[in-house]
Amino acid sequence: MDTNREIKKHQELLLKKMSSVLIVYATLIISTSVGAVSANLILLLLCVSHLKLRTDTWGLTLNLSLCDLIFGISVISVAIYSCLEGGTFMNNGVACKLVGFLLVLLQLASINSLVWSTVDKFTEICFPLRYAQIVTKRRIWIVLFFLWIYAIVVAALPFMGFGDYSFNEEVYVCLPSLNSTTMAYSMMILSAGVITPISAISILYISIIHIARSQAKRGTFVCNDQHCYYVPIRSYFRNTLILIFSAFYLLICWIPSVTISLYEIFYTDNVPSILQMASIWLIVLTSGINPWVNSLAQRKYRKALLESWRKIKKMFQDMGSSSETPSENERHSSIQTPQSLPGHNMMNSIQT
């Protein structure tokens, strides 16, 4: 009897602990998803309202922002609902397969858009004189076309018999089944879909940092229509902080998920649910970081954001001043009303 009571107490403690962990996990996912959707909406509105931001390569920025926005609205919303409902909504039916397909499709498109955006930055810095000839609008749209073909084919492989999508009860998300039975598919999607593009992004950013450092040591003059001025070394080192963060934040956010996936492929032991939840949250976090690091951290986007904020602020001020105008008119009319009073008119007539 005592042992049964101890077992029941232990189970109750585990349930309470899991419920508290689940509440924290749901709160983090919801807040991060809201932040990601808001940041990507801000970026899209800036691109729509400011013609100066629509360069030849703005298709890459648009594609990246749309992928992260749809990911936050569709996949993460379903995961949040499944988490709140206890996982009864998804199971392993058709809905789960479609959500898993969308997850892989949007993540592959997002990561590869980041790769080509980094290639664009690298080309602009390393080949400034030939940049306009190398990077053209036509080539950008060709890249986007093949990028989506690649993402669709890889995401559709489980429907062709290579791999499978299954509901993960630990994180309440439908994910690709990465285990020893699907080792070839698992290693292919991890290496080609995650490890290779993220490593390429990191290497390119490290190269950009090295080039910026060497240019800063030599000293640089920047010229406009009126005059040339010297750019101090401090400004370059300040900008390299953003580049360093851009080079390593994807590694930090994806390494836990990749490590857990590799462990599940080669070992049968279950990974603690807390670690799996943390890895999924970090992946969701990248959707909120991407627009700030890759676009809104640039000067032209910050300037456009400031201009938009000033316009919105001025609009509200104009609305407030227009609402105050009738009260001022009423005050002036109340000051002028004594002249039309009968007593006042009578006094005027007596005086005349």
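For beta carbons closer than 6 Å, sequence separation of 6+ or different chains, a first residue in the stretch 115-144 that is surrounded by fewer than 18 Cβ atoms within 10 Å (Cβ to Cβ) and a second that is part of a loop (DSSP other than H, G, I, E, B), the qualifying pairs are T123/V135; K137/D56. On inspection, Y150 fails the criterion of being under 28 Å from Y205 (Cα atoms), in contact with an Asp or Glu (Cβ under 6 Å, 6 or more places away or on another chain) and surrounded by fewer than 19 Cβ atoms within 10 Å (Cβ to Cβ). Inspection of the stretch 45-54 finds no residue satisfying the criterion of being under 19 Å from L178 (Cβ atoms), open to solvent by 10 Å² or more (accessible area, probe 1.4 Å) and aliphatic (A, V, I, L, M). If you go through the stretch 290-311 and pick out every residue that is outside any loop (DSSP other than H, G, I, E, B) and either among the acidic types (D, E) or open to solvent by 30 Å² or more (accessible area, probe 1.4 Å) (or both), you end up with 11. Only one of the listed residues (I23, I80) is more than 27 Å from R299 (Cα to Cα) and open to solvent by 70 Å² or more (accessible area, probe 1.4 Å). That residue is I23. Considering the stretch 172-190, the residues that are assigned to a helix (DSSP H, G or I) and touching a residue at least 40 places away in the same chain (Cβ under 8 Å) include one that is surrounded by the most Cβ atoms within 10 Å (Cβ to Cβ), namely I189. Looking at the structure I just gave you, is M160 surrounded by fewer than 18 Cβ atoms within 10 Å (Cβ to Cβ) and in contact (Cβ under 8 Å) with a residue 60 or more places away in the chain? So M160 does not fit the description; no.
Has the stretch 191-202 got any residue that is in contact with a helix residue (DSSP H, G or I) (Cβ under 7 Å, 6 or more places away or on another chain), in a helix (DSSP H, G or I) and of a type in the set (S, T, Y)?
Yes, the stretch 191-202 contains a residue that is in contact with a helix residue (DSSP H, G or I) (Cβ under 7 Å, 6 or more places away or on another chain), in a helix (DSSP H, G or I) and of a type in the set (S, T, Y).
Only one entry of N63, N40 meets the criterion of being in contact with a Ser or Thr (Cβ under 8 Å, 6 or more places away or on another chain), at pLDDT 90 or above and open to solvent by 10 Å² or more (accessible area, probe 1.4 Å), and that entry is N63.
Examine the stretch 297-320 for a residue that is among the aromatic types (F, W, Y), at pLDDT 70 or above and over 18 Å from the mean Cα position of the chain (by Cα), and state whether such a residue exists. For the stretch 297-320, residues among the aromatic types (F, W, Y), at pLDDT 70 or above and over 18 Å from the mean Cα position of the chain (by Cα): present. The numbered conditions (1) at pLDDT 85 or above; (2) touching a Gly at 6+ places or on another chain (Cβ under 8 Å) are all true for I152 except (2). Being surrounded by 18 or more Cβ atoms within 10 Å (Cβ to Cβ), at pLDDT below 80 and not charged (D, E, K, R): is that true of A216 here? In short, yes.
Take the conditions at pLDDT 85 or above, open to solvent by less than 20 Å² (accessible area, probe 1.4 Å), polar (S, T, N, Q) and in a helix (DSSP H, G or I) and apply them to S246. Does it pass? It is false that S246 is at pLDDT 85 or above, open to solvent by less than 20 Å² (accessible area, probe 1.4 Å), polar (S, T, N, Q) and in a helix (DSSP H, G or I).
The values are calculated or read from the model by the stated rules, or taken from the named source; none is laboratory data. Every value quoted in this text rests on a predicted model; they were computed, and no experiment measured them. Note that we place each Cβ from the backbone using ideal geometry, even for glycine, and neighbour counts take in every protein chain shown. For the accessible areas, the whole protein counts, side chains as well, though only heavy atoms, and no ligand, DNA or RNA atoms are used. Shrake-Rupley method; radii C 1.70, N 1.55, O 1.52, S 1.80 Å.
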